[in-house]
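Q: Structure in structure tokens, see below.
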Amino acid sequence: MASARASAGAPALSEEMPGVDAVTRVFAGGAKAARLALVDGLAGAVVSVGGRPMAVFSFTVRDNRIVGIDLLADPETLAELELESPR
């Protein structure tokens, strides 16, 4: 089962939420503007404003399926991440 959870500063979720409804809620609205990225070398997506990351989605993948999504929006956490475009 897929789940979604958010870090401090990410308003979409207040705690871990399992299931399709949680994933749908996370990707409704602003996440549509996300671009694929490698987040610390792993699958993810980034929402940027003016070239500055505002939110990062980090995916947990098992057996070629996304089973978890972490929404990161805390500026201090974002500053510590290594973000790059996938090849």
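Q: What's the FRET efficiency of GLU76 with LEU42 using the Cβ-Cβ distance as r and R₀ = 30 Å, to the nearest 0.05?
A: Efficiency, from the Cβ-Cβ distance: 0.90.
Q: OK, next. For ALA43, what is the net charge nearby, where nearby means another residue's Cβ is under 13 Å from its Cβ and Lys, Arg count +1, Asp, Glu -1?
A: +1
Q: Same structure, new question: When you count, for each residue, the other Cβ atoms within 10 Å and take the mean per peptide, how do 73-80, 61-68, 41-48 rank with the highest first?
A: Most protected by this proxy first, the peptides run 41-48, 73-80, 61-68.
Q: Length gain on complete extension for the stretch ASP63 to LEU83, per 0.36 nm per residue less the alpha carbon to alpha carbon distance?
A: Gain on stretching ASP63 to LEU83: 4.8 nm.
FYI, it's all coordinate maths here, none of it is from the lab. On a predicted model such as this, the values are computed, not experimentally measured, just so you know. Note: ideal-geometry Cβ built from the backbone for every residue, glycine included; neighbour counts use all protein chains shown.
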